[in-house]
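**Student:** I'd like to ask you about the structure that follows.
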Amino acid sequence: MLSALTGCISYNSLEKAIQSKWKYPIKILYADENKRTVIFLDQSKDKDPDRDQYIFNTFKMKNSQYRYSTDREECWTFTADNGLTPFLCRSVNTEEAGNVIWGAIKTDKHVQKVLVTYADRSNPDNQIEVEIPVVNNVFIGYPKDNFFNSETSLYREWKIKASAIDDKGNIIATSGN
């Protein structure tokens, strides 16, 4: 009753909470219940499937009930030229989860993990590496310690390189500056 009075509607599944905010069908690719982060696809019927929109966001959960807001969604489409494998890797800072690394890769190959390396521009020997498992060709990971406050400061202070790696240790795709 209280949620109806305050205007906050809760749902018994994350998918229902997100779908309540979206006109087109969505498909959850990965959700981290502990950090309350999610990646899903916008499944608009009239869209070109090669231009899928991947959405990252946080959600709230209380008493096994989910709430979702579109206010901080990150929505991305991505492609690659010259026969390269399309690979998206983003680093963001969220109020709820802190520093987050998320992304997706478009390939039929089995991607086991993504390795992201941050190299300090003023001291290249100072590096932070984060290894993230891949599920459904998407990933969400978290550095051990928060080390940036905004994307602006991140890209100004750090060089970033990400590698998508298969189960045999082969690099399938790279991304970075």
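**Student:** Do any of LYS21/LYS60; LYS62/LYS144; LYS35/LYS60 go past 18 Å between their Cα atoms, and which?
**Tutor:** On the way: LYS21/LYS60 14 Å; LYS62/LYS144 25 Å; LYS35/LYS60 10 Å.
LYS62/LYS144, as the Cα separations exceed 18 Å there.
**Student:** Modelling each spin label as a point 7 Å along the Cα-to-Cβ direction, I'd like the ASN34/GLU157 distance in nm, to one decimal.
**Tutor:** Each label point lies 7 Å from its Cα, and together they span 2.5 nm.
**Student:** Rounded if a/c is under 1.5, else prolate if a/b beats b/c, else oblate: with a ≥ b ≥ c from the C-alpha gyration tensor eigenvalues square-rooted, which is the chain?
**Tutor:** Numbers: a/c = 2.13, a/b = 1.40, b/c = 1.51.
Because a/c hits 1.5 or more and a/b fails to exceed b/c, the chain counts as oblate.
**Student:** Determine the dipole magnitude for the chain: charges of +1 sit on the beta-carbon of Lys and Arg, -1 on that of Asp and Glu, nothing else is charged, the reference point is the Cα centre, and the result goes in debye to the nearest 20. Display every interim value, and only then the final one.
**Tutor:** Values: 23 positive and 24 negative charges, 89 e Å.
So the magnitude is around 420 debye.
**Student:** Which residue, GLY83, GLY103, GLY141, has the most motion in a Gaussian network model of the chain that connects Cα atoms within less than 10 Å?
**Tutor:** Among GLY83, GLY103, GLY141, the largest GNM mean-square fluctuation belongs to GLY83.
**Student:** Please give me the summed charge of the neighbours of GLN65: other residues whose Cβ is under 15 Å from its Cβ, Lys and Arg +1, Asp and Glu -1. Write out the running numbers ahead of the final one.
**Tutor:** Details: positive: LYS16, ARG36, LYS60, LYS62, ARG67; negative: GLU15, GLU33.
My count for the surroundings of GLN65 gives +3.
**Student:** How far, in nm, would the chain grow between LYS106 and VAL135 when pulled straight, counting 0.36 nm per residue and subtracting the alpha carbon separation? Walk me through the numbers on the way to the answer.
**Tutor:** On the way: separation 29, 0.36 × 29 = 10.44 nm, distance 1.22 nm.
Here the segment from LYS106 to VAL135 would lengthen by 9.2 nm.
**Student:** Then there is this: Under a point spin-label approximation (7 Å from Cα along Cα-to-Cβ), what is the LYS16-THR117 distance to one decimal in nm?
**Tutor:** 4.7 nm
**Student:** Related question: Going by amide H atoms built from the backbone, whose H comes under 5 Å of the H on VAL134, apart from near neighbours?
**Tutor:** LYS113, VAL114
**Student:** What whole-number value in Å² describes the accessible area per residue of the chain for a 1.4 Å probe? Present the calculation step by step, with values, prior to reporting the outcome.
**Tutor:** Working: 10490 Å² over 177 residues.
Averaged over the residues of the chain, the accessible area is 59 Å².
**Student:** What percentage of the solvent-accessible surface of the chain, computed with a 1.4 Å probe over protein heavy atoms, is contributed by carbon and sulfur atoms? Before the final figure, lay out the partial values.
**Tutor:** Working: 4660 of 10490 Å².
Carbon-and-sulfur percentage of accessible area, whole number: 44.
The values are calculated or read from the model by the stated rules, or taken from the named source; none is laboratory data. The structure displayed is predicted, hence computed values, not measured ones. We place every Cβ from the backbone using ideal geometry, glycine too, and count neighbours over all the protein chains shown. In case anyone asks, the SASA skips ligands and DNA or RNA and just uses the protein heavy atoms, side chains included. Shrake-Rupley method; radii C 1.70, N 1.55, O 1.52, S 1.80 Å.
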